[in-house]
Amino acid sequence: MGSTQYTVSPVNDTTFTHAVFLLTGLPGLEDVYLWVGIPFFLIYVILILGNSAILFVIKTDSTLHEPMYIFLSMLAVIDLGLSIATIPTILGVFLFNSREISINACFAQLFFIHFSQFTESSVLLFMAFDRFVAISNPLRYTSILTLPRIAMMGLMCVLRGLAIILPAPLLLKRYRYCRDNVLSHSYCLHQEVMKLACADITVNNVYGLSASVLTMGLDALLIILSYLMILKTVLNIASRADCLKALKTCGSHLCVILLFYSPEISLSVIHRYMNSSSHLLQIALGYIYMLLPPLLNPIVYSVQSTHLRVRLIRLFVK
């Protein structure tokens, strides 16, 4: 697909309802965007099929109506929502050279992206609590993590995400955008959009940093604490075989945690404190953050859980 040259024009004297931003794909590779877009499309299809299959199997198989799998289904719903909100925009850039996005659509997209981010962090924290109860107090596991209690946890994740991220688009909407209207990714992020405002963005900067630290930072700290307590419990187990078996049940959750937090932390640090870093590095980390966790989460849990893997194989064989 041939490249199209865009002129970067500020949106001076334009009300935000009519302003547009220009999304960036991979600078310098415009001539091969079609070939770059095909793998993104395949990833999108695999991601939708994988997470949908997880939801279908857990819903239809009563033996999987356990706390761990219910939390996994929450994770799948979040990953599906995040993918549907972002990947079509990415595909539009690469497959159709559609780079324009209205400012209101951009605000809506960044809301869903960060809402999914904070909600998934909460779910991962509850999954760590699930593993702690399962290993530290297995006899009371089912009485502690009852279905009504798990439903309440899920509602708390959603309400927490809404309460934290709802001010973001409202704060951004106050500004006029008279600087360059080119974003450095194929989707909208709060930390990028606010830099284009022709006003003092200290409030947004402090809010964004505080929200990340007080939610994802606190969640990560509590997850670490949970696993330290799990490790202490496991080390007190006399049998080596039982010790390894207990640790094995945490393997998939630890992999998912690393997949989620590593690119997110790297991307936040680069955007806020390393503006001189490679632009391609920022873009690559952004795609890893958006695509890798939703793509690999179903695979990680399917590999780890024999029961779930067998059900998924039967589904696709049929």
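Give the residue, chosen from 255, 243, that is at negative phi and modelled with pLDDT under 80.
On the way: 255 fails: modelled with pLDDT under 80.
Result of the check over 255, 243: 243.
Among the residues of the range 182-201, what is the count of those that are part of a loop (DSSP other than H, G, I, E, B) and either more than 17 Å from the chain's Cα centre (by Cα) or aromatic (Phe, Trp, Tyr) (or both)?
The qualifying residues number 8.
Kindly check whether there is at least one residue in the range 279-292 that is modelled with pLDDT under 85, in a helix (DSSP H, G or I) and of a type in the set (Gly, Ala, Ser). Within the range 279-292 (the criterion being modelled with pLDDT under 85, in a helix (DSSP H, G or I) and of a type in the set (Gly, Ala, Ser)), the answer is yes, since at least one residue qualifies. Among the numbered conditions (1) closer than 19 Å to residue 260 by Cα; (2) touching a strand residue (DSSP E or B) at 6+ places or on another chain (Cβ under 8 Å), tell me where residue 99 comes up short. Of everything listed in (1) closer than 19 Å to residue 260 by Cα; (2) touching a strand residue (DSSP E or B) at 6+ places or on another chain (Cβ under 8 Å), residue 99 misses just condition (1).
May I ask you to verify whether residue 147 is over 27 Å from residue 309 (Cβ atoms) and either of a type outside the set (S, T, N, Q) or surrounded by fewer than 19 Cβ atoms within 10 Å (Cβ to Cβ) (or both)? I'd like the intermediate steps shown before the answer.
Numbers: over 27 Å from residue 309 (Cβ atoms): no; either of a type outside the set (S, T, N, Q) or surrounded by fewer than 19 Cβ atoms within 10 Å (Cβ to Cβ) (or both): yes.
In short, no.
Please tell me if residue 214 is surrounded by fewer than 14 Cβ atoms within 10 Å (Cβ to Cβ) and part of a helix (DSSP H, G or I). Here the answer is yes, as residue 214 does meet what is asked. Remark: pairs (first residue in the range 294-318, over 20 Å from residue 117 (Cβ atoms); second residue not in a helix (DSSP H, G or I); Cβ separation under 7 Å; 6+ apart in sequence or on different chains) = 311/61.
Which pairs turn up if I take residues in the range 173-190 that are among the aromatic types (Phe, Trp, Tyr) and look for partners that are in a loop (DSSP other than H, G, I, E, B) with beta carbon separation below 6 Å, at least 6 apart in sequence or on another chain? Final answer for the pair search is 175/197; 175/199; 177/11; 177/19; 177/197. Residue by residue through the range 174-196, note down the ones that are surrounded by fewer than 19 Cβ atoms within 10 Å (Cβ to Cβ) and in contact with a Cys (Cβ under 8 Å, 6 or more places away or on another chain). Hits for the range 174-196 are 175, 176, 178, 179.
Only one residue in 113, 84 is buried (at least 20 other Cβ atoms within 10 Å of the Cβ), modelled with pLDDT of 90 or more and of a type outside the set (Asp, Glu). Which one?
Values: 84 fails: buried (at least 20 other Cβ atoms within 10 Å of the Cβ).
The match here is 113.
For residue 26, the requirement of being part of a helix (DSSP H, G or I), crowded, with 16+ Cβ neighbours inside 10 Å and touching a residue at least 24 places away in the same chain (Cβ under 8 Å) is not met. When the residues of the range 61-86 are filtered to those that are more than 15 Å from the chain's Cα centre (by Cα) and either of a type in the set (Val, Ile, Thr) or not in a helix (DSSP H, G or I) (or both), the one that is nearest to residue 117 (Cα to Cα) is 70. When each of 124, 159, 171 is tested for being surrounded by fewer than 16 Cβ atoms within 10 Å (Cβ to Cβ), outside any loop (DSSP other than H, G, I, E, B) and not β-branched (Val, Ile, Thr), the lone residue that passes is 159.
Please go through the range 127-150 and give me each residue that is in a helix (DSSP H, G or I) and among the hydroxyl-bearing types (Ser, Thr, Tyr), ordered by number. Walk me through it before giving the result.
Quick first cut of the range 127-150, residues in a helix (DSSP H, G or I) only: 127-136, 138-144, 147-150.
136, 141, 142, 143 - these are the residues of the range 127-150 that are in a helix (DSSP H, G or I) and among the hydroxyl-bearing types (Ser, Thr, Tyr).
Just to be sure before I move on: is residue 149 basic (Lys, Arg) and touching a residue at least 24 places away in the same chain (Cβ under 8 Å) in the structure I sent? So that I can check it myself, show each step before the final result.
Numbers: basic (Lys, Arg): yes; touching a residue at least 24 places away in the same chain (Cβ under 8 Å): no.
It is false that residue 149 is basic (Lys, Arg) and touching a residue at least 24 places away in the same chain (Cβ under 8 Å).
The values are calculated or read from the model by the stated rules, or taken from the named source; none is laboratory data. Being a predicted model, the structure only gives us computed values, none of them experimental. For neighbour counting, all protein chains shown are included, and Cβ atoms are generated from backbone atoms with ideal geometry for every residue, glycine included.
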